[in-house]
Amino acid sequence: MSGASTALASHIDAMWEDRILPTLCEYTRIPCLSPAFDRDWEARGALAEAAELLRGWARGQDRALQAEIVQLPGRTPVLLIDNGAGGDPVLIYGHMDKQPPLGEWRAGLGPYEPVRDGDLLYGRGTADDGYSTFAAVTGLLAAGGGRGRVLILIEASEESGSPDLSAYVEHLRTRIGTPHLVICLDSGGLSYDRLWLTTSLRGNLVVTVKVDVLTEGIHSGQGGGVVPSSFRILRRILATIEDADTGRILLPDLLGAGIPEAHRANLEVVDGLRLLAPDPVERLAARTWGAALEVTGADGLPATRDGGNVLRPSTTLKFSLRLPPDVDAQAACDALLGAITTDEGAHITIDVEPPAQGWIAPPLPETIAATLTRVSTDRFGRPPGFVGEGGTIPFLADLQQGFPRTPFVVTGVLGPHSNAHGPNESLHIPTGKAVTHAVAALLQEG
């Protein structure tokens, strides 16, 4: 590592220990759930509290930074941080909203009480994506303010599919201009032994389907065999979408054209990792370029201890469909809705969240790739890894459509056992420091 790089790394590491982690712990204590999980989010005020905490911290690092909370009527807030320089910006993206706790956490841990254990900081939102504001601001200041304009945009509805973000991008269009680089800090990789860069993201469809067969439950001895089972109807609907034996998605409009050779080649050179047999490359391809369905919620089903001999009046299932990056999300949604039918006299109600489009990264310019290689080598002794992610960031597809010539650097701290949406979420602190170093290096290059 060169002297300049060593000094930059040491400065960033000290900032993390002295200035970032104490306030990140404060953020962890705020139950700022995304609006999809808290209908009373505005009255509860947790998102506003998180935005104000992050704004205050950013202003406290450098009073020259313009840090403001922007809020359109009826929409979640965004935090906008501007270094005040002129010209089209480097745009850095993150989010402050959180997933719910989701189940029991390990003894000694809780979603809203930060716990540091060695290199890990546990708590909901630490890695997804509370660290992003701190990494972006610290990277900017470590870079001496950057060589041009830098705009940091932190939204508060990403975990709900970013329903408010397009309105803000339009509202702030004049200030955003045409970014000459976008850095997204809401991703991750396969290990903690290098910097990871995301080459693609899957799209997503979230659909809630309710099947009503009665106005109230009746004795199953009277209705069984006469009134259709709402659960069976839903099971049949799912069987038209997914092969029950293999999990393979059956609707052609949801499948895509297959993983491109260049992306498959990236998977084949991932070294030093122990992946599940029998074919690690195929498993990675399925996770990043395959379609998959998961039932994520259910209503109308009593707990087993309360279940009696009753033919229930209705069943509701919520399911999430991950789509390959190259699939048109709206066309997939139309095909999915066409498959949800019944001719058994039941009433079907469908609630569809806005389809989230997948994303494929454009090639990185050589100068940017060289900078990222240098940071990864300095920090870890090995070059960065390139891999697709199985999750979805709707913002990237929307932004790339608006700025097709802009390069994107998508990275983050989510790695093995980080459990971003599950219990025991944790941030790997050395990776957070490395990502901050990458931000600083990119801004130094301008």
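The figures follow:
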quantity	calculated
For the chain: accessible area per residue (Å², 1.4 Å)	43
Relative contact order (%) - criterion: Cα under 8 Å, at least six apart; region: the chain	25
Percent accessible area from carbon and sulfur atoms, the chain, protein chains only, probe 1.4 Å	51
Convex hull (Cα only) mean projected area of the range 1-51, reported in nm² to one decimal	4.9
Volume of the Cα convex hull of the range 278-433, divided per residue and given in Å³	188
Cut-off under 5 Å, modelled amide H: who pairs with THR315 long-range	VAL211
Highest-first arrangement of 430-438, 289-297, 310-318, where packing means the average Cβ count within 10 Å	430-438, 310-318, 289-297
Summed residue charge, Cβ within 12 Å of TRP105's Cβ, Lys/Arg positive, Asp/Glu negative	-1
Percentage, to the nearest whole number, of Cα pairs in the range 1-92 over 24 Å apart	38
Two-site FRET efficiency, SER10 against ARG283, from Cβ-Cβ distance with R₀ of 35 Å, rounded to 0.05	0.35
Binned Cα-Cα distances of the range 194-260, short to long, each 5 Å bin given as a whole percent	3, 11, 16, 16, 13, 11, 10, 8, 4, 4, 2, 2, 0
Rounded Å value of the spacing that divides the Cα centres of the range 306-351 and the range 199-248	7
For the range 33-136, average projected area of the Cα convex hull in nm²	8.4
Largest-first principal axis extents of the Cα set of the range 78-183 (Å)	51, 33, 16
Helix 230-241 axis, angle to the chain major axis (alpha carbon atoms, nearest 10°)	50
Gaussian network model of the chain, Cα within-10 Å springs - most flexible of THR342, THR246, THR178	THR246
Cα principal axis extents for the chain, largest first, Å	81, 49, 46
For the range 165-210, the fraction of alpha-carbon pairs in successive 10 Å shells from zero, as %	16, 31, 32, 19, 2
Around ALA339: net Lys/Arg minus Asp/Glu count, Cβ-Cβ under 11 Å	-2
Point-charge dipole on Cβ atoms (K/R +1, D/E -1) for the range 99-195, about Cα centre, debye to 20	520
Set of the range 177-221 residues, backbone N closer than 18 Å to the point 7 Å along the Cα-Cβ line of THR367	178-183
Mean separation of Cα contacts under 8 Å, 6 or more apart, over the residue count of the range 102-232: relative contact order %	12
Hits among lysines - C-alpha to C-alpha of LYS433 under 25 Å, sequence gap 8 or more where chains match	LYS98
Listed residues ALA127, ALA36, ALA50, most fluctuating in the chain (Gaussian network, C-alpha, under 10 Å)	ALA36
The range 310-382, Cα convex hull volume normalised per residue, Å³	169
In order through the range 318-334: 3J(HN,Hα) via Karplus (6.51 cos²θ - 1.76 cosθ + 1.60), integer Hz, x for Gly, Pro	10, 9, 10, 10, 7, 10, x, x, 8, 7, 6, 5, 5, 5, 5, 4, 4
Computed over the range 249-366, Kirkwood Rh from alpha-carbon pairs, angstrom	17.7
Mean projection area, nm², convex hull over Cα of the range 119-171	5.1
Helix 280-289 axis, angle to the chain major axis (alpha carbon atoms, nearest 10°)	80
The range 352-403: Rg to Rh, with Rh as the Kirkwood radius over Cα pairs	1.10
The range 189-344, relative contact order [Cα under 8 Å, separation at least 6], %	41
Alpha-carbon gyration tensor eigenvalues x 5, square-rooted, for the range 346-446, Å	31, 21, 10
Proximal lysines relative to LYS210, as straight alpha-carbon distance under 18 Å, when same-chain residues fewer than 8 apart are discounted	LYS318
Gaussian network model of the chain, springs between alpha carbon atoms under 10 Å - residue of SER220, SER166, SER376 with greatest fluctuation	SER220
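The values are calculated or read from the model by the stated rules, or taken from the named source; none is laboratory data. Given the structure is predicted, the values throughout are model-derived calculations rather than measurements. Cβ: placed from backbone, ideal geometry, glycine included. Neighbour counts: every protein chain shown. For accessibility, only protein heavy atoms count, side chains too; no ligands or nucleic acids. Shrake-Rupley method; radii C 1.70, N 1.55, O 1.52, S 1.80 Å.
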